[in-house]
Amino acid sequence: MCGITGYIGDHKTTDVLIDGLRRLEYRGYDSCGVAVVDAKNELYLRRVSGRVDALDELVAQDPAKGANVGVGHTRWATHGAPSEDNAHPHTDCSGRVVVVHNGIIENYLDLKEKLLASGHKFKSETDTEVIAHLMEEKLKALHVQEKAMRADMLEPVFFEAFRKTVGDLKGSFALSMVWASCPAMVLTARMHSPLVVGLGKGENFIASDVSAFLKYTKRVIFLNDGEMAAVKKDGIDFYTFQGKKVSKEAVTIQWDSTMAEKGGYKHFMLKEIHEQSEAVENTLRGRLLPLGGDVLKAETGLAAAAMKGFSNIQFIACGTAYHAGLVGRGLFENFGLRASADIASEFTDRAKLMAKDTLVIAISQSGETADTLFAVREARSAGAKVLAITNTVGSTLTREADYVLQTHCGPEIGVASTKAFLGQLAAIYLVAGHFAAARGVLSATDARRYAEDLLKMPRLIEETLELEKDIAKVAEAFSHSEHFLFISRHINFPIALEGALKIKEISYVHAEGYAAGEMKHGPIAIIYKGMPLLAVAPSGRALELMAGNIEEAKARGADVVAIVDAVSRKTVKASRYITLPQAGELFTPMLTVIPLQIFAYYVALAKKCDIDKPRNLAKSVTVR
Ligand code: AGP
């Protein structure tokens, strides 16, 4: 829910930290701060209740002198309201130990009680501040003669006190700490919150995710739960919390910082909507043919033989990822496999009821969503195998699943998920096709046709994106509406839910996605004259019934926008049409969602909402 950065090197430390925080603001942005050790080995600390730009201005008024080590933080409040006092970094009583943290210290109240009892003075309501005071206690217990010892003699003391501090913490944390008496080292540790280090030349970086320092280096090492690192200018050593040295492999991130820039679009969200064709293409690349073969085995560990062993599929996810799971349910059912899709936070009691030969498919763009991780752990303890579909290399979900299929969408910065959703669909279509072919549900001819249809999707997505201007016009006609309805049927029902979620989260208006067949069972009562109703009605089995539902809605005054293709356009009678390229019925969700994303974007634009960082939301919800 927050973003942390750390730096040690010869660049201007506050610049590097603040630059990194800007790239992490999507993780939380109600307050932020930096702390560096200056040339006099004093701590320079600046914090604001607001965004990183405000912090940058504050630092510029009275810059730090000669600093080359420090930490930074951008916050999404979990304990204590957004305020300067509650903003990180937090210090101990001496003001020489400083810490930044992402996560929740579950035992902070017990620790705080003991620390207060031994005379510590707290300045914030946060759980994080406990870490700084605990460290102060550990240093004291090591009888540190700070003044008498050279800084390099203090390094093992700093390390040992930090290790003991981390050992006392329960809960989730990615934390980084600096001690003004030992400015040649930043210490960092990870438990249940993402943490990555960047390897530079004569400098090194720490962050919650790689986008914070991609402009400086693409060589990175992800820490696992229970690992800590001593980060110096000339190298990084990794240890377990028990102090055992660990050797770690660096990976090279293919993303460069321009990928995460807006690339000329007004918002990350619009840029990412336009990256969807590439996201699908990259996710399918080299993984489709021969369908039903072992092409996924090398990368995911999921062999065709294993696919024959599962006859139940259980999707688990949250939000948009859950909607992808609902499409997946329809797809697998279409291939004759029993499939369910559950919202992760509602799944727990079901874990023990799953059939033995169930494959759980956990979908998560960030791979850090606490609800999803919790449900996955429940499923695994019930004996299920888990396939993770995620967009984040090295995320926690990737290390808690049996099989991992990465979507290759590149960084998704906009809080409202778009290309990650299409990447998730591409991955699901890929897996479903392999399952169906491996189990003989698709004959060799049908499998070839399925693969051909799937490989057409990137081009059809591009053609759909060319409708942007027409869709923007339709959206502008409804930019004053406060209520929206989205309806569809069967494999496009989840798209109605997704369209409603998109417009809710970036335009802050009320919207509902409904199974069209359900309207007559109650919701049709809410339709008022002129109410915008978006009906997803491509060609297919449901078309006639959809046409009837649209008539019923219009008869009650709804202003209907129909998402159709050239064939269904002839059957449906609406006030406005968005006509998509023709695709096989099974594949239509990969197209029908796009006009709804663009529609939501232009309604939000007209309402002047903060599209990339909508109020109250964070990109990765790492608390339950
Ligand atoms: C979707 O636009 C939202 N950002 C949100 O619903 C998101 O899909 C959900 O929080 C799940 O996130 P994840 O994919 O990272 O697990």
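The values are calculated or read from the model by the stated rules, or taken from the named source; none is laboratory data. What you see is a predicted model, and the numbers here were worked out from it, not measured in a lab. Reconstructed Cβ throughout: ideal geometry from the backbone, glycine too, with neighbour counts over all protein chains shown.
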Filter segment 97-110 for residues that are surrounded by fewer than 21 Cβ atoms within 10 Å (Cβ to Cβ) and either among the polar types (S, T, N, Q) or modelled with pLDDT of 95 or more (or both) and give the result. 107
Out of the residues in segment 400-422 that are part of a helix (DSSP H, G or I) and more than 9 Å from the ligand (Cβ to nearest atom), which is farthest from the chain's Cα centre (by Cα)? 400
Odd one out for residue 178, checked against (1) surrounded by fewer than 22 Cβ atoms within 10 Å (Cβ to Cβ); (2) closer than 29 Å to residue 12 by Cα; (3) touching a strand residue (DSSP E or B) at 6+ places or on another chain (Cβ under 8 Å); (4) not aromatic (Phe, Trp, Tyr): (1)
For residues that are of a type in the set (Ser, Thr, Tyr) and not in a loop (DSSP other than H, G, I, E, B), scanning just segment 597-624, find the one that is surrounded by the most Cβ atoms within 10 Å (Cβ to Cβ). 601
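What residue, among those in segment 322-356 that are in contact with a Lys or Arg (Cβ under 9 Å, 6 or more places away or on another chain) and more than 16 Å from the ligand (Cβ to nearest atom), is modelled with the lowest pLDDT?
355
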Scanning segment 47-64 residue by residue, those polar (S, T, N, Q) and crowded, with 17+ Cβ neighbours inside 10 Å turn out to be 49
Which residue pairs have Cβ atoms under 6 Å apart, sit 6 or more places apart or on different chains, and have a first residue in segment 523-548 that is under 10 Å from residue 489 (Cβ atoms) and a second that is polar (S, T, N, Q) and surrounded by fewer than 20 Cβ atoms within 10 Å (Cβ to Cβ)? 543/571
Quick one: how many residues across segment 521-538 are buried (at least 20 other Cβ atoms within 10 Å of the Cβ) and within 20 Å of residue 595 (Cα to Cα)? 7
Quick check on this structure: which one of 472, 496 is buried (at least 16 other Cβ atoms within 10 Å of the Cβ) and out of contact with any strand residue (DSSP E or B) (no Cβ under 6 Å at 6 or more places or on another chain)? 472
Restricted to segment 373-394, and to residues that are hydroxyl-bearing (Ser, Thr, Tyr) and within 13 Å of the ligand (Cβ to nearest atom), which residue is modelled with the lowest pLDDT? 392
Scan segment 115-137 for residues that are among the hydrophobic types (A, V, I, L, M, F, W, C) and surrounded by 22 or more Cβ atoms within 10 Å (Cβ to Cβ) and jot them down. 115, 130, 131, 132, 134, 135
Kindly evaluate residue 425 against the criterion of being of a type outside the set (Val, Ile, Thr), outside any loop (DSSP other than H, G, I, E, B), modelled with pLDDT of 95 or more and within 14 Å of the ligand (Cβ to nearest atom). yes
Let me spell it out: the conditions are (1) over 31 Å from the mean Cα position of the chain (by Cα); (2) at negative phi, and residue 91 meets all of them except one. Which number is the exception? (1)
In segment 351-372, which residues are free of Cβ contacts under 8 Å to residues at least 40 places away in the same chain and among the aliphatic types (A, V, I, L, M)? 351, 353
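If we scan segment 231-239, do we find a residue that is in contact with a Lys or Arg (Cβ under 8 Å, 6 or more places away or on another chain), in contact (Cβ under 8 Å) with a residue 12 or more places away in the chain, on the phi < 0 side of the Ramachandran plot and part of a loop (DSSP other than H, G, I, E, B)?
No, segment 231-239 contains no residue that is in contact with a Lys or Arg (Cβ under 8 Å, 6 or more places away or on another chain), in contact (Cβ under 8 Å) with a residue 12 or more places away in the chain, on the phi < 0 side of the Ramachandran plot and part of a loop (DSSP other than H, G, I, E, B).
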Looking at segment 138-155, can you tell me whether even one residue there is crowded, with 24+ Cβ neighbours inside 10 Å and within 31 Å of the chain's Cα centre (by Cα)? no
Could you look through segment 607-624, keep only residues that are within 13 Å of residue 267 (Cβ to Cβ) and more than 12 Å from the ligand (Cβ to nearest atom), and pick out the one that is nearest to the chain's Cα centre (by Cα)? 610
Candidate set: segment 187-212, residues that are over 18 Å from the mean Cα position of the chain (by Cα) and in a loop (DSSP other than H, G, I, E, B); chosen: the one surrounded by the most Cβ atoms within 10 Å (Cβ to Cβ): 203
Being in contact with a helix residue (DSSP H, G or I) (Cβ under 8 Å, 6 or more places away or on another chain) and over 23 Å from residue 607 (Cα atoms): is that true of residue 537 here? yes
Here the residues within segment 1-17 that are surrounded by fewer than 24 Cβ atoms within 10 Å (Cβ to Cβ) and among the aliphatic types (A, V, I, L, M) are 1
Between 166, 144, which is in a helix (DSSP H, G or I) and among the β-branched types (Val, Ile, Thr)? 166
In segment 486-543, which residues are among the hydroxyl-bearing types (Ser, Thr, Tyr) and under 17 Å from residue 562 (Cβ atoms)? 488, 514, 539
Kindly indicate whether residue 397 is under 16 Å from the mean Cα position of the chain (by Cα), within 17 Å of residue 301 (Cβ to Cβ), within 9 Å of the ligand (Cβ to nearest atom) and not small (Gly, Ala, Ser). yes
So residue 435, is it farther than 20 Å from residue 610 by Cα, aromatic (Phe, Trp, Tyr) and either within 14 Å of the ligand (Cβ to nearest atom) or free of Cβ contacts under 8 Å to residues at least 12 places away in the same chain (or both): no
Can you say whether residue 442 is modelled with pLDDT of 95 or more, in a loop (DSSP other than H, G, I, E, B) and either out of contact with any Phe, Trp or Tyr (no Cβ under 6 Å at 6 or more places or on another chain) or crowded, with 22+ Cβ neighbours inside 10 Å (or both), as far as the supplied structure shows? yes
